[in-house]
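Visitor: One structure, as structure tokens, below. Some questions next.
No lab work stands behind these numbers, since they all come straight from the coordinates. These numbers were taken from a predicted model, which means no experiment stands behind them. Don't worry about glycine lacking a Cβ; one is built from the backbone with ideal geometry, like all the others, and counts go over all protein chains shown.
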Amino acid sequence: MIRVLIADDHEVVRDGLKLILETEEDFEVVGEAGDGAKAVQLAEELQPDVILMDLRMPGMDGLQAIEKIHSRFPQIAVVILTTYNEDNLMIRGLRAGARGYLLKDTNRQTLFDSLRAAARGEALFLPEVIARVLNQPSAEKRSENSVLTERELEVLRAASRGERSKEIAFHLGISERTVKAHLDSVYNKLGVDSRAAAVATAIERGLLAK
């Protein structure tokens with residue numbers, strides 16, 4: 001059972017998400033929060049597996065809440081669910097520790113898949129979102145001190161498509177242990193601690209642009 005906390009300042013949105021999630025046998029909504037501060041409090045009290053987090057909320061916003069939750073409870077997966085289709089917000093949210101980014105007009109299956117991936121410790125990115133961001137000018141120049149090897153880039157590109165370690169290993173003809181080693185090297189070079197943060201940072205630096 002995947003235990004989910006919903007953080008959104010609109011009650012009707014929380015009610016709708018709860019109804020949708022409870023149509024699936026493996027989801028249980030264990031709590032609801034109307035702002036970031038309440039989300040942090042309930043994260044500590046309830047220890048959910050996944051938090052669906054809105055970004056624009058009164059008081060403490062979603063980005064601040066993600067940072068606090070990730071620093072205190074890194075085992076809790078956060079998936080951003082927002083109305084705002086803003087690339088900068090997506091990158092900031094992923095760098096803060098979120099494992100995924102969804103728009104509120106997403107379909108049910110994508111929502112379910114993203115939550116399940118996050119609960120497994122993986123990141124799932126919508127291809128159209130990643131493609132759009134990669135077409136934007138990078139915010140930073142590629143740093144010679146943090147350039148990834150071609151194999152590391154291949155692994156990270158596959159991760160940005162939401163591929164699991166065993167899928168990456170199969171496609172590249174390497175072992176899962178080698179995939180993990182490449183990802184660990186990527187995290188070290190980019191100064192991050194998750195796939196989502198690695199993808200966000202690589203996008204900012206223009207490292208994933210082909």
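Visitor: Can you put Val40, Val192, Val147 in order, fewest other beta carbons within 10 Å first?
Guide: Fewest-to-most ranking of Val40, Val192, Val147: Val147, Val192, Val40.
Visitor: Still on this structure, I have one more. Only bridges with both residues in the chain count here: give the DSSP antiparallel percent, nearest 5.
Guide: Antiparallel bridges make up about 0 percent of those DSSP assigns within the chain.
Visitor: Which aspartates and glutamates have a Cα less than 15 Å from the Cα of Lys38, not counting those fewer than 8 places away in the same chain?
Guide: Asp8, Asp9, Glu11, Asp54, Asp61, Glu67
Visitor: Separate question: Report Rg(Cα)/(2.2 N^0.38 Å) for the chain, keeping two decimals.
Guide: Relative to the rule-of-thumb radius for its length, the chain sits at 1.00.
Visitor: Compactness ratio of the range 2-124: Cα Rg over 2.2 N^0.38 Å, N = residue count?
Guide: Normalised Cα radius of gyration, the range 2-124: 0.91.
Visitor: Still on this structure, I have one more. Taking the chain as a Gaussian network, Cα atoms linked when under 10 Å apart, which of Leu52, Leu17, Leu172 shows the biggest mean-square fluctuation?
Guide: It is Leu172.
Visitor: Also: Looking at the range 2-124, send over the antiparallel percent of its DSSP beta bridges, to the nearest 5.
Guide: That works out to approximately 0 percent antiparallel.
Visitor: Give me the percent relative contact order of the chain, please, defined on Cα pairs under 8 angstrom at least 6 residues apart.
Guide: The normalised contact order for the chain reaches 17 percent.
Visitor: Could you list His182, His10 in order of exposure, starting from the residue whose Cβ has the fewest other Cβ atoms within 10 Å?
Guide: Fewest to most other Cβ atoms nearby, the residues stand as His10, His182.
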